[in-house]
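As structure tokens, the structure follows; a few thoughts come after it.
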Amino acid sequence: MPAELRKRAAPAPAAPPPKAKKPTTTTSKAKKEADASKESEPPASNPAEDAKAGIPDGAGGGSTTAISMPGAEAAKEVVAVKVKDAAVKAVKVKRGAASAKLAKAEVDEEKEEEVVGAPKTGGIIKLEGFGQGIETNDGESTTLAKLVEASKAGVVLFTYPKASMPGCTKQAGMFRDAYEPLTATGLSIYGLSTDSPKSNTTFKTKQKLPYPLLCDPSGTLISAIGFKSGKSITRGVFVVDKSGNVLAAGPGGPQATVDMVKCLVETMGGNSNAEGILAAENMATTEGRGEGEDELVADMVAEIADSAEMVDA
């Protein structure tokens, strides 16, 4: 009996080799570390829900008030502070401008008082810049300050309306005749009017006046000492010493103006009974009128004559 052949069972297939592990790269490692870091961070917060914006208490070392404030409100607070600072600065600038304006107004007021306010006896004036724009009958420009500086004790200014008029001639003659005693204490005498140098030179030469005549065409100095009203010039006398002290100031007729200086000379130690002063007084009481006539009437007549001549001119 033939032998029965049996098929041998096929051997089991070999197990596939294990897959090789991919090498860990630096990039993937860094990615893993970044992912781990994100997992450890707290989730982003909503400012509307989280007032602290996810920042733990006490973190950052800043003001807890500023940190707890929402972003929009913090910005508003910063703007408000800047606006406040700007407002304070503006107020300071405004106050500074107001102070400067007030100071300027006070200075302007003082200057106006110096120009407009007529100085009075016993007052003080600032000589520098007082009454600019005058000249002598010889045509030399000068100022009151220069005249005072050149004097020994001060300056006498007698004002008159117009050269060669009766009252002005009388007044100039009285100061001429009393010139030496009136100047004995160091005062310098000057006549002052709005006449031109030519008119005053003629007047001085004709009357043989020993003192200069000052020409003030614009009336600057005459106005400053208070003897100019509009276009009219008031007869008067003004005396100032070397320190700017006003020793005498006032209107008056020919006799009155000489008397004011006479009294002043007495107080300064001069001789009021000097022959020159007596001669001037005698001329005032006898020239052109009857014996015993009142001196005041004579002065008034001279003033009326001057006014009439000015109207005719």
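General remarks:
- Residue match in segment 207-217 (condition: over 22 Å from T169 (Cβ atoms) and crowded, with 18+ Cβ neighbours inside 10 Å): no
- Pick from segment 91-138, criterion among the acidic types (D, E) and closer than 21 Å to S151 by Cβ, ranking: modelled with the lowest pLDDT: E128
- Residue within segment 269-282 that is modelled with pLDDT under 95, outside any helix (DSSP H, G or I) and of a type in the set (S, T, Y) present: yes
- Flag for G167 being outside any loop (DSSP other than H, G, I, E, B) and either under 19 Å from L247 (Cβ atoms) or more than 39 Å from the chain's Cα centre (by Cα) (or both): yes
- Meets criteria (modelled with pLDDT of 95 or more and part of a helix (DSSP H, G or I)) for F158: no
- Subset tally (residues that are of a type in the set (A, V, I, L, M, F, W, C) and surrounded by fewer than 18 Cβ atoms within 10 Å (Cβ to Cβ)) for segment 146-168: 2
- Verdict on T183 being touching a strand residue (DSSP E or B) at 6+ places or on another chain (Cβ under 7 Å), within 16 Å of M260 (Cβ to Cβ) and either modelled with pLDDT under 95 or of a type in the set (V, I, T) (or both): yes
- Close pairs (6 angstrom Cβ cut-off, 6 or more residues apart or separate chains): at pLDDT below 95 in segment 163-178, in a loop (DSSP other than H, G, I, E, B) anywhere: none
- Filter result (buried (at least 23 other Cβ atoms within 10 Å of the Cβ), outside any helix (DSSP H, G or I) and among the aliphatic types (A, V, I, L, M)) within segment 173-195: A178, L192
- Segment 233-250, residues that are under 28 Å from the mean Cα position of the chain (by Cα) and of a type in the set (A, V, I, L, M, F, W, C): V240, V246
The values are calculated or read from the model by the stated rules, or taken from the named source; none is laboratory data. The structure displayed is predicted, hence computed values, not measured ones. Please note: Cβ atoms are built from the backbone with ideal geometry, for glycine as well, and neighbour counts cover all protein chains shown.
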